[in-house]
Amino acid sequence: MSILKDGQSIENKYKVVFLINANDYCETYRLADENGTPYFLKLYIIKNTPDRLLNDNGEVSEIVKCAELKHPNIISYVASGRFIAAEGACQYMITIYFSGELLVEKIQREGRIAPAEATEIFKGILSGLRYLHEKGLLHNDITPRNIMLSQKTGGIPELIDMGHLGRGAAGSPAFDTSDLDPRYCANSTFGGLYNDRSDIFSAIAVLYAMLAGKAPWEPQYDINATRQDKIKAVKKARGTALDLDIEGLTPELRHVLERGLTATGADRYDRVTQVLGDLGGEEAPQAPAGRGAGSRTRTKDDDPVNRSDRESASDTEAGVTIKRGGGNGFADIAGMQELKDMLTQRVIFVLKDTERSQKYRITPPNGMLLYGPPGCGKSFFAEKFAEETGFNFILVKASDLGSIYVHGTQGKIADLFKKAEKNAPTVLCFDEFDAFVPNRTGWGGEHQGGEVNEFLSQLNNCSKRGIFVIATSNRPDKIDPAVLRTGRIDKMVYVPMPDDEARKEMFELYLKGRPCKEIDCAKLATLADGYVASDIAYVVNEAAMIAAFNDEEITQELMEKTIAATGPSVRSELLKEYEELRAKMEDVDHRNSIPRIGFK
């Protein structure tokens with residue numbers, strides 16, 4: 001029986017949504033404020049809490065320490081307090097709710113993470129660790145399960161689960177070690193030694209997991225084995241050479257893995273700054289208070305000649321990543337069957353069967369615009385289209401082509417299409433296309449008109465160069481009309497809200513491969529009326545996270561509670577606006593013989 005009840009008020013600001021997990025001395029809850037913003041509450045029953053988790057004042061050490069932490073790579077503390085319940089004195093802590101994706105889920109979903117992305121996530125982990133170490137604290141449990149790629153911060157990694165937070169230990173740490181994952185623990189911790197070096201070892205083990213898609217050495221043991229048996233398996237596996245045959249591994253990353261994981265104890269990293277240095281540079285220092293930019297030491301980078309050389313080399317190059325062909329294609333998409341059938345018949349067939357296409361002198365469409373409400377899976381569909389064709393895929397955001405220099409963006413646009421042609425066949429997906437080619441009517445900047453003109457030039461019959469363009473937009477009425485003509489963007493397709501059957505398929509798809517117990521996806525689809533694809537993905541992820549905390553299966557009751565606590569992200573008034581926009585766009589576009597494409 002839980003101490004707090006659903007709907008109970010906390011600090012006159014938060015209400016309990018539901019209990020997440022409970023044991024003899026600790027309970028965790030999901031809260032929400034008056035705006036529906038989610039929060040996480042951790043509550044300790046003091047009399048039942050092990051002495052090792054309390055400080056000399058009888059307070060929970062984790063809560064006292066977390067109240068002092070403030071860093072973008074550490075889960076955000078909000079408030080804490082005490083109260084008396086029937087069970088006795090209780091102490092609680094409220095933090096920002098874990099909204100986003102756990103790193104372990106990203107690894108399970110994607111397998112290997114590209115070295116550039118893995119490096120950025122790793123640097124975020126190191127930044128959080130460096131902050132803790134400077135305060136004399138250790139995390140002691142760095143694993144992919146305890147790294148959150150936060151939705152609130154755009155994917156910036158955050159260290160979560162501070163249950164093992166504390167100072168260094170030698171012999172008997174002041175926290176429970178039975179739940180630590182030995183695959184990510186330094187060998188020294190098996191003897192009770194926890195220090196900066198053991199935290200750094202764990203972080204580098206997480207880096208390896210991102211790059212290789214598996215834990216270092218991947219020791220084999222039964223999940224229900226005792227901790228000692230697991231440790232024996234880990235030690236045995238570490239007696240063999242670590243596999244560093246990883247695609248795309250840079251010399252810097254290889255060195256970090258070798259020094260951090262396979263070197264002898266004396267050669268391993270002592271400080272986070274050493275790792276950052278081996279990655280190619282230290283974190284940028286903050287300017288001392290009272291000193292402006294003009295007071296810093298002048299470097300060769302400030303020299304106009306050196307700076308102009310650097311600009312000409314880098315500011316006309318598009319900062320994009322090419323994803324090579326492969327994947328499950330349309331099998332990963334729930335619903336949208338009519339759209340998939342249309343593209344299979346009118347585009348993919350032409351692209352794949354070149355002999356028959358040449359016989360009938362058929363040319364594929366040049367480009368396609370997917371438009372509709374946000375969160376309906378337009379960009380995801382574009383990626384899966386590339387997988388279905390086996391083409392290379394480039395996702396382009398406006399920031400990838402941005403430049404502070406006149407004509408700089410035009411050069412990046414040209415470079416982007418050059419890269420796509422060099423790696424043809426390529427699907428170029430422009431996310432939020434209206435930001436790239438807004439209507440030029442009423443513009444005052446000639447360089448902005450020049451950017452649209454460059455797009456018009458590059459889009460002209462680009463299919464002949466092995467490039468197929470898929471543009472997505474929530475506001476197609478803001479796109480320059482010259483772009484939406486044949487020979488540039490040939491087809492305009494409305495992607496609507498998912499219907500009941502599509503939502504059912506989405507729940508089945510997102511729940512597939514997760515530990516579940518008797519889930520009625522048809523009922524979930526009915527309860528989730530008005531939810532878009534991103535809403536359903538979020539609901540499943542939230543429920544999975546709660547189940548993971550409890551180490552139990554995802555149940556129907558948990559899914560229904562999560563749906564009730566979340567709500568749809570697209571308002572009904574906004575849907576009405578999109579139906580009106582759809583009618584307007586269909587009046588403009590007379591080319592498509594199939595007027596309505598989507599879930600139904």
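A short reminder: the numbers here are calculations on the coordinates, not readings from a lab. Keep in mind it's a predicted model, so treat the numbers as computed, not measured. Cβ sites come from the backbone with ideal geometry, for glycine too, and all protein chains shown count toward neighbours.
Data table
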quantity	calculated
Cα-based helix-to-principal-axis angle, 446-459 vs the chain, degrees rounded to 10	80 degrees
Simple label model, 7 Å out from Cα along Cβ direction - R238 to D332, nm	3.4 nm
Distant-in-sequence amide H partners of L102 (H built 1.01 Å from N, under 5 Å)	L149
Angle in degrees between helix 556-566 and the longest Cα principal axis of the chain, rounded to the nearest 10	70 degrees
Degrees between helix 227-237 axis and first principal axis of the chain (Cα, 0 to 90, nearest 10)	60 degrees
Label-point separation in nm, N550 to E11, each point 7 Å along Cα→Cβ	2.6 nm
Distance between the stretch 479-496 and the stretch 234-273 - C-alpha centres, whole angstrom	50 Å
Set of lysines with alpha-carbon distance to K412 below 23 Å, sequence-local pairs under 8 removed	K323, K397, K422, K464, K478
Within-13-Å neighbourhood charge of I142 [Cβ basis; K, R +1; D, E -1]	-2
222 nm mean residue ellipticity, helices alone, for the chain (DSSP H n ≥ 4; -39,500 (n - 2.57); rounded to 500)	-10500 deg cm²/dmol
R52-A85 FRET efficiency (beta carbon distance; Förster radius 22 Å; 0.05 resolution)	0.45
Summed side-chain charge close to Q91 - residues other than Q91 whose Cβ falls under 14 Å, Lys, Arg +1, Asp, Glu -1	-1
Rel. contact order, % - alpha carbon contacts under 8 angstrom, at least six apart, the chain	10 percent
